[in-house]
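Asks: First the structure, then my questions, so here it is.
The values are calculated or read from the model by the stated rules, or taken from the named source; none is laboratory data. Everything numeric in this text was worked out from a predicted model, so none of it was measured. Reconstructed Cβ throughout: ideal geometry from the backbone, glycine too, with neighbour counts over all protein chains shown. These accessible areas exclude ligands, DNA and RNA; they are computed on the full protein's heavy atoms, side chains included. Shrake-Rupley method; radii C 1.70, N 1.55, O 1.52, S 1.80 Å.
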Amino acid sequence: MSAQKQYFFVGIRAPRVRNQKLSRSGWAIALGIGLSLSIWTPVVAQEAAIESEAIAQPNAESAAPAESTGDVYFADIIVRGRPIFQIGGLTDLNASARAALINRRIASILSNTEQPGVIEVQPDASGDWATLRVNNRVIMTVTQQDADDFGSSVEELANRWVEELNEAFDKPPIAVDVAQRLNGTVRQLSRDAIDKLPAIIGALIVALVTWGIASGVRYAAFTWAKQTEGDRSTEVLVGRLGYGIVWVFGAIVALGILGLEFGALLGAFGLTSVAIGFSLKDVLSNYISGVVLLAARPFRLGDQVVIDSFEGTIKQIQLRATTLQTYDGRTVYIPNQEVFQASITNNTASPHRRSSIMVGVDYDADLTKAKQVIHEAVQNVKGVSSDSPIDVLVQELAASTVNLEVRFWVNSTRYAFLETTSEVAHAVKLALQHADVEMPTEIYTLQFRNSASLELNSSDPLPIAAQNDGQSSLST
């Protein structure tokens, strides 16, 4: 048990010597009051702890100089956010813990009253230690070890510290207070930066090395994908994944150098991952969909596709959105989540695509001759694929024409598709006209009941009324 704890128990045993004649019920009442005070009034507990320190310090003079259990050998005594002076550690109490105890005591005094009064020195009769008190409350104890640390006597050091504390206890003007607090904060930050300077330099070195390795891995992955895949989108995906993986490991190492435990980091991330997942659900969904699209490759850069109600050329595939340029020059950014869930028609997935036109010939025309003429005309059109068959099929027996469907294969890009289809329609029309195959317009037949049969040329006017009760027919 430490010296502090031993003398704390000595301090609470003193009432037993003065009150030996207390009854058992009296002891029970006293014990209940003591427990209540220890639970509900931490200020009293702090006072008892510091008073016990004051009582315990006389025996500390014979102890060897304290070895700090941490990295700090001297710690600041802070009043209103401003460091006043520094104290060292004791035998079983390092400087940080001792300063924290005294600082809590000072903060408690200042929180209860604006002007706590004048701090006084109460030296021991032997002169080996002294206590600093205000309003009969102990603030701290000055020991022989403190005097040895600062090369002074106990009384002289105690008086100097009292003078500095009394000056700090006087509430300064607002401007001075703000300046002092800023000065204390800057000093603390500077001290922390100096203490952690090796770790910061190490983390920066790790970050630079990680950046170099990540760039090299991205270039190597991109080059490998370029040689094996031949797809720009896949090359980009492989390069970005390699770059990101290296940075993840580099960040873990850098955080470890800075003193952050990876297990604690994972725990904190686990607590916040649910909230982050709900708040960034759509964003994360877009990124995941982008990775799936880059891996599955339903389309590539430059492909002409139909996505939902949009049709155009794929210009860029990012992890968040896909950029599509429509045929009328507009640029559309489609979130990858919508692309992933939509039906996609890739018009340029194959180099050739089938097109067709419809031709109507007269019922009296020779269909075999018409089909041969159409086949030869289509075959001679530039842009029609010679590796794929040309089909001429009777599609429909319409009211006035026999409709023939002409099927042929052309380049799958939109401009070539439209241009070649137009050239084929033009060539078929000219070839049928040259072969005297009629392509009539639609013919309508009108029947007149209770009127004479009439035969009219195209120049004759239509009859307005019937002259007899016979039946006539009119073809136009």
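Asks: Among the residues of the stretch 364-397, how many are part of a loop (DSSP other than H, G, I, E, B), on the phi < 0 side of the Ramachandran plot and in contact with a strand residue (DSSP E or B) (Cβ under 6 Å, 6 or more places away or on another chain)?
Replies: Matching residues across the stretch 364-397 total 4.
Asks: Among the residues of the stretch 362-404, write down those that are in contact with a Gly (Cβ under 8 Å, 6 or more places away or on another chain) and within 17 Å of His426 (Cβ to Cβ).
Replies: Leu404
Asks: Something else about it: Give me the residue from the stretch 417-449 that is loosely packed, with under 14 Cβ neighbours inside 10 Å and assigned to a strand (DSSP E or B) and, out of that set, nearest to the chain's Cα centre (by Cα).
Replies: The qualifying residue nearest to the chain's Cα centre (by Cα) is Thr445.
Asks: Would you point out the residue of the stretch 367-416, among those that are over 29 Å from Pro440 (Cβ atoms), polar (S, T, N, Q) and free of Cβ contacts under 8 Å to residues at least 60 places away in the same chain, that is surrounded by the most Cβ atoms within 10 Å (Cβ to Cβ)?
Replies: Selected residue: Ser385.
Asks: Turning to a different aspect of this structure: Within the stretch 339-363, work out how many residues are part of a helix (DSSP H, G or I) and surrounded by fewer than 16 Cβ atoms within 10 Å (Cβ to Cβ).
Replies: Going through the stretch 339-363 one residue at a time, the tally reaches 1.
Asks: Look through Ile84, Ile106 and report the one residue that is open to solvent by less than 20 Å² (accessible area, probe 1.4 Å) and of a type in the set (Val, Ile, Thr).
Replies: Exactly one residue qualifies, and that residue is Ile106.
Asks: Which residue out of Ala100, Ala56, Ala30 is exposed (fewer than 15 other Cβ atoms within 10 Å of the Cβ), modelled with pLDDT under 85, at negative phi and hydrophobic (A, V, I, L, M, F, W, C)?
Replies: Going through Ala100, Ala56, Ala30 in turn, the sole match is Ala30.
Asks: Could you please tell me which pairs satisfy a Cβ distance under 6 Å, a separation of 6+ or placement on different chains, a first residue in the stretch 288-314 that is touching a residue at least 24 places away in the same chain (Cβ under 8 Å), and a second residue that is in a loop (DSSP other than H, G, I, E, B) and crowded, with 21+ Cβ neighbours inside 10 Å?
Replies: Listed by first residue and then by second, the contacts come to Val305/Phe299.
Asks: Out of all the residues in the stretch 301-334, which are open to solvent by 40 Å² or more (accessible area, probe 1.4 Å) and within 21 Å of the chain's Cα centre (by Cα)?
Replies: Gln318, Leu319, Arg320, Tyr333
Asks: Now a separate question. Cβ-Cβ under 6 Å, sequence separation 6+ or interchain: first residue in the stretch 118-147 and closer than 18 Å to Ile87 by Cβ, partner acidic (Asp, Glu) and assigned to a loop (DSSP other than H, G, I, E, B). Which pairs?
Replies: These pairs meet every condition: Gln144/Asp128.
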